[in-house]
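Read the structure below first, then the notes.
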Amino acid sequence: MSDPAVPSAWIGTSWKMTKTLAQAREYAQALARVSWAEGLQPFVIPPATAISAVADILPPGGPVLVGAQDAHWEDAGAWTGEVSVPQVKDAGARLLEIGHSERRAHFGETDERVNLKVHAALRHGVLPLVCVGEDAEQRAAGSAVELVSSQVRAALDGVASSTQVLLAYEPVWAIGAGGTPAAPEDIVDVVAAIAEVGGPARPVLYGGSVSLDNAAGLISVPGVTGLFVGRSAWEVEGFTALAEIVAQRST
């Protein structure tokens with residue numbers, strides 16, 4: 001049996017730009033009533049406006065980690081519209097999502113900035129969740145493994161090998177309402193490369209059009225130790241059903 005203090009599997013969701021405060025509280029209250037499987041670490045990542053409200057219901061030290069979808073690499077300063085790692089931590093976040101493909105594509109997130117944010121999170125005792133993934137053109141060109149490996153190396157530059165960082169493989173072509181769900185065989189090589197570059201101590205999560213129909217196959221891919229889910233987990237029933245699948249496959 002695994003040490004219950006060390007998660008053997010992960011299940012999480014980012015709400016992206018959805019949910020009012022009332023909706024966020026209702027969801028969090030439902031999660032607070034769930035009995036989670038031993039060794040399973042659930043997490044939710046609300047929008048910045050709801051971090052504090054969710055963390056009041058799911059407080060630090062409890063069974064469900066609360067995260068933030070982004071934060072600046074500087075601790076404070078003249079960065080209008082931004083929030084810092086100390087600010088999201090003060091609001092209750094203990095996990096920080098970094099480098100999601102939407103941030104890279106629409107907001108100029110570079111590998112260098114991802115690395116700065118990883119160091120900022122670690123500096124303040126917040127767990128980084130680094131997203132990596134290739135687009136359809138890069139996959140078609142056969143460069144997925146090389147590209148994703150490069151993203152992981154850049155993110156972990158200067159980070160001690162013993163430091164925990166979560167790595168989420170989210171192929172761009174599989175994300176969102178228009179994404180193409182990946183089959184397990186589609187992700188085997190890239191997951192193996194992420195695990196090799198990231199090191200054996202760092203969990204690798206898979207995300208990208210995860211659903212109740214494909215979750216069991218995806219969590220069974222060698223090296224995948226969790227799922228990072230979008231729309232399928234935006235209702236509590238979906239989240240808990242996916243958590244059961246992950247827990248069953250990880251025991």
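The values are calculated or read from the model by the stated rules, or taken from the named source; none is laboratory data. All of these numbers come straight from a predicted model, not from anything done at the bench. Note that we place each Cβ from the backbone using ideal geometry, even for glycine, and neighbour counts take in every protein chain shown.
Suppose the filter is aliphatic (A, V, I, L, M), surrounded by fewer than 21 Cβ atoms within 10 Å (Cβ to Cβ) and touching a strand residue (DSSP E or B) at 6+ places or on another chain (Cβ under 6 Å); does residue 147 pass it?
no
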Looking at (1) surrounded by 13 or more Cβ atoms within 10 Å (Cβ to Cβ); (2) among the polar types (S, T, N, Q); (3) closer than 16 Å to residue 239 by Cβ, which is the only condition residue 35 fails? (1)
Output for Cβ contacts, cut-off 8 Å, separation at least six or different chains, first residue closer than 20 Å to residue 205 by Cα in the stretch 139-160, second at pLDDT below 95 and surrounded by 17 or more Cβ atoms within 10 Å (Cβ to Cβ), reads 139/173
If I ask for residues that are free of Cβ contacts under 8 Å to residues at least 40 places away in the same chain and either surrounded by fewer than 18 Cβ atoms within 10 Å (Cβ to Cβ) or in a loop (DSSP other than H, G, I, E, B) (or both), which ones from the stretch 161-179 would you list? 162, 164, 171, 178, 179
Scan the strands (runs of 3 or more DSSP E) fully inside the stretch 20-111 and keep the ones with 2 or more residues being under 21 Å from residue 164 (Cβ atoms), in contact with an Asp or Glu (Cβ under 8 Å, 6 or more places away or on another chain) and modelled with pLDDT of 95 or more. 65-68, 95-98
In the stretch 122-142, residues that are of a type in the set (A, V, I, L, M, F, W, C), assigned to a helix (DSSP H, G or I) and in contact with a helix residue (DSSP H, G or I) (Cβ under 6 Å, 6 or more places away or on another chain) total 1
